[in-house]
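The values are calculated or read from the model by the stated rules, or taken from the named source; none is laboratory data. Remember, it's a predicted structure, so these values are computed and weren't measured experimentally. Here the Cβ is made from the backbone with ideal geometry for all residues, glycine too, and neighbour counts use every protein chain on show. For the accessible areas, the whole protein counts, side chains as well, though only heavy atoms, and no ligand, DNA or RNA atoms are used. Shrake-Rupley method; radii C 1.70, N 1.55, O 1.52, S 1.80 Å.
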Amino acid sequence: MRFVLRSREPRWLAPASVGVAVLLTLLLTAGPIRMAGSAPVAAFERYVVTPLTTPNGLAEVLLAATPLLFTGLAVAIAFRVGYYNIGAEGQFLAGAMATTAVALSLPDLPTVAALPVGLVAGALGGVAWAFLPAFLRRRAGIDEVVTTLLLNPVAVLLLQGLLNGPWRNPETGFPDSERFGSGYELPSLFGTRVHAGLLLGLVLVAVIAVVLLATPLGVRLRAAGQSPSAAEFSGVPVGLLQWRSALVSGALAGLGGASQVMGVQHQLTGSLAAGYGYTGVVVATLGGLSALGVLAVALLLGDVQVGAQNASIRLQLPSQMGGVLTSVLLLTVVAALSVRHYRLVRRTPRSAEPLRAGGG
Amino acid sequence: MDFPILAVLAATLTIATPLVFGGLGALLGERTGVLNLGIEGTLYAGAFVGFLVASRTDSLAIATLAAVVAGALAGALMALLTVTLGVNQHVAGIGTTLLLVAACDFTNRLLFGGGERTVTVKFDRLFSGGGILAQYPMTFVAFLLLAPAVWWVLRSTGAGLRLTAVGENPEAADTAGISVARTRWTALVVGGALMALGGSFLTLSVLGTFTLDIVSGRGWICIALVIFGRWKVWPVVLGALLFGFFDALQLQLAITSAFGSVPNELLIALPYLVVIAALAIRGRGVRYPGSYLTPYRRA
C-alpha cells in the first residue's frame with residue numbers, strides 16, 4: 001500500500017475530509033471523557049450546543065471569541081506570506097502591557113482620548129515585540145520561528161516582573177495592577193460583558209477579507225506565501241512583504257491584548273497569559289488563513305471554551321478537556337486535508353507499473 | 001564577598017542536562033529534515049509521565065521507562081503527521097505541543113487536582129560533597145554517554161550516514177535504496193524519547209514533583225541551540241552549557257544582595273535573551289539541512 005498523488009480532486013472531497021476529521025476528533029476524545037467519569041455524548045452537547053441555547057451563553061461565546069479573532073488574524077496574515085510568526089502570545093501580552101503603561105500613567109484621560117490612545121498603545125506594544133524577530137529575519141536571515149517562540153516566555157516573565165514589582169496593587173498587595181481610569185473602559189454591547197473590542201475585531205476581519213480577496217496586494221501576499229521564488233521572479237518583493245506583514249501581525253496581536261485589558265479585565269493580571277497567542281495558530285490554520293475562516297473558527301473555539309467551563313462546573317469534567325478537544329481537532333483536520341491530496345493504491349510490482357511518474 | 005564560582009559551574013551542568021537531551025533529540029529529527037516543534041510538549045509530557053508513574057509505583061526505573069515510551073509515542077505522532085501524511089511541520093509541531101500540554105494538564109487535574117502537592121521519589125546526587133561532580137546520574141548519562149554516542153552514531157555508523165543522506169538529499173537517498181520514511185520515523189521516535197528523558201529529569205531528578213510551569217520554554221531553547229550549534233553534536237552541547245551558565249549566573253545574582261533590587265523575573269529572562277543574541281551573531285548565513293521542512297514523495 002502506498003500513497004499516490006491524485007490527478008483530479010472532486011469538489012466534495014475537502015468538506016468530506018473535514019467531516020471525517022470532526023468524527024475522528026469525537027471518537028478520540030470520547031475515551032478520556034469517559035475516563036473522567038462523564039458520558040461523551042452529554043459532554044459534547046455541553047461543549048458545542050449548550051452555550052448557544054441561552055442569551056447569556058451566546059454573549060459569553062462572543063466574549064471568548066474576541067481575543068481569538070485578533071490573534072487568529074495576526075497569525076493568518078503572517079503565515080499567509082510565509083512568515084511563521086509563532087510569537088502572537090508574546091505580542092498579545094506586550095500590547096496589554098503597553099496599554100497598561102499608558103492607562104496607569106494617564107489615568108484621568110476622558111473616554112474620547114483614552115480609547116484611541118489605549119488601543120494605539122496596544123498595537124505599538126505588539127509591533128515592538130514583533131520587531132526584533134522581523135528585523136533579524138530581514139537583515140540577517142535568521143529563522144523567525146525560533147526567535148518569535150523564544151520571546152513568548154520572555155513576555156510572560158516581563159508581565160510577572162511588572163506585576164510583582166512596580167505595578168503591584170498598592171491597596172490589596174496582590175500581583176495585579178490598579179484598575180484603569182473609567183475612560184479606558186471599552187463600551188459594553190447589548191448590556192452584556194461583550195465589549196466594543198468585538199466590533200473592532202469584526203471590522204478588522206472585514207478589512208482584511210477585502211484586502212486579501214479583492215486587491216492586488218492580496219494577490220501578491222498569496223503569491224509570496226505559496227511560491228516565494230516564483231513570486232520573487234515575477235517582481236513581487238517577498239522579503240519586504242514578509243517584513244511588513246510581520247509588523248502588522250504584531251500590531252493585530254497587540255490590539256487583541258489592549259482589547260482584552262480595556263474590555264474585560266480593566267486592569268492587568270497574570271491570568272492574561274492564557275495561551276491566546278498559541279490558540280491563534282489553531283484559529284488561523286483551521287480557518288484556512290482567510291479572514292472569514294478566522295471569524296468562523298474563533299466563534300467555534302469560543303463556543304468550546306465556554307462549554308468547557310460549563311462542563312467543568314456541571315459534569316466535573318476538568319476544563320482542560322477544551323484544550324484537548326481543540327488541539328485534537330487541529331491535528332485531525334490538517335491530517336485529513338493533507339491526506340485528501342493522495343489516494344491509497346495497493347503496492348504493485350515495479351515491472352507492472354511503467355507509468356509510475358504520472359502519479360495517478 | 002567572593003563569587004561562588006564552583007556552585008555556579010555545578011548548577012550549569014545540572015541546568016544544561018535536559019537541554020542536552022532535548023537538543024540532541026531535536027538534532028536527530030532535523031538532520032533528517034524534520035523540525036519537531038512538538039519538543040516543548042514532549043518535554044512537558046516526559047516530566048509529567050515520569051512524575052505520574054513515580055507517584056504510582058515508587059520506582060524510578062519504571063517512571064523513567066514510562067517517560068521514554070511517552071516520548072517515543074509523541075515522536076511517532078509527529079512522524080505520522082509530517083512524514084507519512086505530509087502535514088506542514090510548523091503546524092504539526094505546534095499542534096502536537098498544544099495537545100500534549102492540554103492532555104497532561106487534563107490528567108494532572110483529574111488525578112492530582114485539589115489537595116496538597118504530591119512529592120515522589122527522586123534520584124539522589126552522586127558524589128555528594130564532590131563539588132562540581134555532585135550531580136544527578138542523568139547528568140553523567142547526558143554528557144559522558146549520550147553526547148559521545150550520538151556523535152559517534154552520526155559520524156561513523158551506517159545509520160548515521162543514512163540519517164544525514166536523507167536530510168540532505170532524500171531523492172538521492174531513495175535512489176540509493178534508503179527508505180526516507182523509515183529513516184525519518186526512526187529519528188523522530190528516538191528523538192522524542194530523548195526529549196522526554198530530558199523532561200523527566202526535571203521531575204525525577206531536580207524537583208521530585210510536577211508544576212505547570214516546569215518546562216517554560218526550554219523546548220524552544222533546544223530548537224535555538226540546534227541552529228546555534230549548526231546541527232553538530234558538540235556545538236549543541238556547548239550551547240546547552242552556555243545557556244546553563246547564564247541561567248546559573250542569574251540564579252546566583254538573584255540571591256546576591258547587590259542585585260536585590262532587580263526584579264527576579266527580569267533575571268530569569270536573561271538567558272532567553274542571551275540565546276536570541278547568540279542566534280543573531282552565530283545564526284547568520286547558516287546552512288540548513290537540504291530537505292529541511294520538506295515532506296518527501298516519490299515523483
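How do the peptides A:310-322, A:171-183, A:118-130, B:212-224 rank, highest first, by the average count of neighbouring beta carbon atoms within 10 Å per residue?
Working: A:310-322: 19.3, A:171-183: 15.5, A:118-130: 25.5, B:212-224: 23.3.
Top to bottom by mean Cβ count within 10 Å: A:118-130, B:212-224, A:310-322, A:171-183.
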For this session: Report which residues of the range B:269-295 become buried by 40 Å² or more of accessible surface when going from the isolated chain to the complete set of protein chains (1.4 Å probe; DNA, RNA and ligands ignored).
Result: B:TYR272, B:ILE276, B:LEU279, B:ARG284
Problem set entry | Highest-fluctuation residue, B:GLY113, B:GLY41, B:GLY239 considered, GNM on chain B with Cα pairs under 10 Å | B:GLY113
For this session: Find how many whole Å separate the alpha carbon centroid of the range B:47-74 from the alpha carbon centroid of the range B:145-189.
Result: 28 Å
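Could you pull out the chymotrypsin sites (Phe, Trp or Tyr not before Pro) across the range A:10-50 that fall in loop regions by DSSP (anything but H, G, I, E, B) with no more than 12 other Cβ atoms inside 10 Å?
Filter output for the range A:10-50: A:TRP12.
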Seminar exercise, completed: Karplus ³J(HN,Hα) for the range A:164-178 (6.51 cos²θ - 1.76 cosθ + 1.60, θ = phi - 60°; Hz, whole; x = Gly/Pro) runs 7, x, x, 9, 4, 5, x, 7, 8, x, 6, x, 10, 6, 5
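Which FRET efficiency, nearest 0.05, do B:ARG125 and A:LEU106 yield, Cβ-Cβ r, R0 41 Å? Present the calculation step by step, with values, prior to reporting the outcome.
Working: r = 53 Å, r/R0 = 1.30.
That pair, B:ARG125 with A:LEU106, gives E of 0.15.
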For this session: Return, ordered by residue number, the residues of the range B:195-209 whose backbone nitrogen is under 17 Å from a label point located 7 Å along Cα→Cβ of B:ILE62.
Result: B:204
Problem set entry | Ratio of the Cα radius of gyration of chain A to 2.2 N^0.38 Å, where N counts its residues | 1.09
For this session: Mind giving me the nanometre distance, one decimal, between the label points for A:VAL20 and A:SER227, set 7 Å out from Cα along Cα→Cβ?
Result: 2.7 nm
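Find the sum over both chains of the accessible area lost when A and B are paired, probe 1.4 Å, and report it in Å² to the nearest 100.
Working: alone 17690 and 13790 Å², together 27580 Å².
Adding both sides of the contact gives about 3900 Å².
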For this session: Read phi for every residue in the range B:39-45 and hand back ³J(HN,Hα) as whole Hz from Karplus 6.51 cos²θ - 1.76 cosθ + 1.60, θ = phi - 60°, with x for Gly and Pro.
Result: 4, 4, x, 5, 4, 4, 5
Exercise. List for the range A:1-21: residues with 50 Å² or greater reduction in accessible area, all protein chains versus chain alone, probe 1.4 Å?
Worked result: A:PHE3
Exercise. Which one of B:ASN108, B:MET195, B:TYR272 is farthest out on the positive end of the charge dipole of the protein assembly as shown, using unit charges on Cβ (Lys, Arg +1; Asp, Glu -1) and the Cα centre as origin?
Worked result: B:MET195
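Per residue, how much accessible area does chain B have with a 1.4 Å probe, in Å²?
Details: 11850 Å² over 299 residues.
It amounts to 40 Å² per residue over chain B.
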Exercise. Of the accessible area of chain B, with the probe set at 1.4 angstrom, what percent is carbon plus sulfur?
Worked result: 67 percent
For this session: Taking 50 Å² as the minimum loss, tell me which residues in the range B:51-90 lose that much accessible area going from the chain by itself to the full protein complex (1.4 Å probe).
Result: B:LEU85, B:HIS90
Seminar exercise, completed: With every protein chain kept in place and a 1.4 Å probe, the range A:181-289 has an accessible area per residue in Å² of 41 Å²
Problem set entry | Label point distance in nm, B:LEU80-A:ARG139, each placed 7 Å from Cα along Cα→Cβ | 4.5 nm
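Using the Kirkwood radius over C-alpha pairs as Rh, can you work out the diffusion coefficient of the range B:1-91 via Stokes-Einstein at 20 °C, viscosity 1.002 mPa s, in µm² per second?
On the way: Rh = 15.0 Å.
So the translational diffusion coefficient is about 143 µm²/s.
Report, to the nearest whole %, how much of the accessible area of chain A belongs to carbon and sulfur atoms, 1.4 Å probe, protein only. It would help to have the intermediate numbers written out before the result.
Working: 10240 of 15720 Å².
Here it works out to 65 percent.
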Exercise. At a probe size of 1.4 Å, how large is the accessible area of A:HIS195, to the nearest 10 Å²?
Worked result: 0 Å²
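Could you sort the peptides A:80-93, A:290-303 by per-residue average Cβ neighbour count (10 Å cutoff), highest mean leading?
Working: A:80-93: 29.6, A:290-303: 22.2.
For the peptides A:80-93, A:290-303, the packing ranking is A:80-93, A:290-303.
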Exercise. Average partner chain C-beta neighbours within 10 Å, per residue of A:281-289?
Worked result: 2
For this session: Could you work out how far apart the two model spin labels at B:ARG117 and A:ASN169 are, taking each label as a point 7 Å from the Cα in the direction of the beta carbon, and quote it in nm?
Result: 2.4 nm
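Between A:LEU27 and A:GLN316, what length comes free when the chain is fully extended (0.36 nm per residue of separation minus the Cα-Cα distance, one decimal in nm)? It would help to have the intermediate numbers written out before the result.
On the way: separation 289, 0.36 × 289 = 104.04 nm, distance 2.04 nm.
Taking 0.36 nm per residue and subtracting the Cα distance, the gain is 102.0 nm.
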Seminar exercise, completed: Note: B:215-223 gets an average of partner chain Cβ contacts (10 Å, Cβ to Cβ) equal to 4
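For B:GLU168 and A:LEU13, what does the FRET efficiency come to when R0 = 56 Å and r is the distance between their Cβ atoms, rounded to the nearest 0.05? Spell out each step's value before the answer.
Numbers: r = 35 Å, r/R0 = 0.62.
Computed FRET efficiency for B:GLU168 and A:LEU13 comes out at 0.95.
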For this session: Taking only Cα atoms and a 10 Å spring cutoff, compute GNM fluctuations for chain B and point out the largest among B:PHE228, B:PHE21, B:PHE127.
Result: B:PHE127
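Please give the average number of partner chain Cβ atoms lying within 10 Å of the Cβ of each residue in A:332-342, rounded to a whole number. Spell out each step's value before the answer.
Values: counts 1, 2, 7, 8, 2, 2, 10, 4, 0, 3, 3.
Mean partner-chain Cβ count within 10 Å for A:332-342: 4.
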Exercise. What number comes out for the charge environment of B:LEU163, summing +1 per Lys or Arg and -1 per Asp or Glu over other residues with Cβ under 15 Å away?
Worked result: +3
Seminar exercise, completed: Between A:ARG193 and A:THR215, the FRET efficiency computed from the C-beta separation at R0 = 30 Å comes out, to the nearest 0.05, as 0.25
Exercise. Which one of B:LEU161, B:LEU99, B:LEU266 has the biggest mean-square fluctuation once chain B is modelled by GNM with Cα springs under 10 Å?
Worked result: B:LEU266
